[in-house]
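Below is one structure, written out as structure tokens; comments come after it.
The values are calculated or read from the model by the stated rules, or taken from the named source; none is laboratory data. None of the values given here were measured: they were computed from a predicted structure. Positions of Cβ are generated from backbone atoms using ideal geometry, with glycine treated the same way; all protein chains shown enter the neighbour counts. Just the protein is used for accessible areas: all its heavy atoms, side chains included, with ligands, DNA and RNA removed. Shrake-Rupley method; radii C 1.70, N 1.55, O 1.52, S 1.80 Å.
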Amino acid sequence: MLLTEIDHVAIAVHDLEAAIAYYRAAFGAEVHHREVVERDGVEEALLKVADSYIQLTTATREDSPIAKFLANKGEGLHHVGYRVENCAEALAAMIAAGARAIDEAPRPGSRGTTVAFIHPKGSFGTLIELVQE
Ligand code: CO
């Protein structure tokens with residue numbers, strides 16, 4: 001088994017502050033980490049749940065993939081991040097099993113992680129992110 005943990009569940013939102021306030025009011029959740037990832041055009045707020053995170057994500061520019069997702073599908077579940085020991089190994093295994101990779105090689109993610117994305121077409125409709133800490 002290559003997956004060691006659910007790293008995060010990413011939820012696309014229009015208004016990050018409103019979403020953070022909602023999770024605080026509803027669950028008492030506090031922001032554990034916050035980051036703008038320029039190259040992906042996103043701002044993320046991570047709320048810790050045990051060893052996993054809820055990742056509230058919004059767009060920082062109109063041409064980012066999250067902006068397109070929000071325009072096409074609206075707010076909601078965007079992707080699931082699975083934690084792995086070795087991102088390159090897990091990516092190769094997924095490609096060998098017929099997955100469609102978005103990233104052909106692992107690349108830097110937020111929090112200093114190494115990540116690779118797998119296209120939802122070929123993975124039963126779910127955008128998958130492999131996350132190596
Ligand atoms: Co993610």
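For residue 60, the residues 5 or more places off, or on other chains, whose built amide H falls under 5 Å of its own are 42, 43.
Give me the dipole magnitude in Debye, nearest 20, for the chain about the Cα centre, with unit charges on the beta carbon: positive for Lys and Arg, negative for Asp and Glu. Kindly include the intermediate steps, with their values, before the conclusion.
Numbers: 12 positive and 20 negative charges, 60 e Å.
Here the chain has a charge dipole of around 280 debye.
Here the relative contact order of the chain, from alpha carbon pairs under 8 Å that lie six or more residues apart, stands at 25 percent. Residues in the stretch 13-83 average 57 Å² of solvent-accessible surface per residue, probe 1.4 Å, ligands and nucleic acids excluded. Return the percentage of antiparallel bridges among DSSP beta bridges fully within the chain, rounded to the nearest 5 %. Around 75 percent antiparallel, to the nearest 5.
Calculate, in whole percent, how much of the Cα-Cα pair population of the stretch 15-63 lies beyond 13 Å. When all Cα pairs of the stretch 15-63 are counted, 55 percent exceed 13 Å. By the rule of a C-alpha distance below 14 Å, with chain neighbours fewer than 8 residues away ignored, the aspartates and glutamates paired with residue 68 are 40.
Here is the tail figure for the chain: Cα pairs spaced more than 20 Å apart come to 43 percent of all pairs.
Would you work out what percent of the accessible area of the stretch 3-132, with all protein chains in place, is carbon or sulfur (probe 1.4 Å)? Kindly include the intermediate steps, with their values, before the conclusion.
Values: 3710 of 6910 Å².
Carbon and sulfur together cover 54 percent of it.
For the stretch 75-117, the spherically averaged projection of the C-alpha convex hull amounts to 3.7 nm².
How tilted is helix 87-96 with respect to the longest principal axis of the chain? Cα atoms for both, answer in degrees (0 to 90, nearest 10). Roughly 60 degrees between the two axes.
Give the relative contact order (percent, whole number) for the stretch 80-131; include only Cα pairs under 8 Å separated by 6+ residues.
Numbers: 87 pairs, mean separation 21.8, N = 52.
Across the stretch 80-131, relative contact order equals 42 percent.
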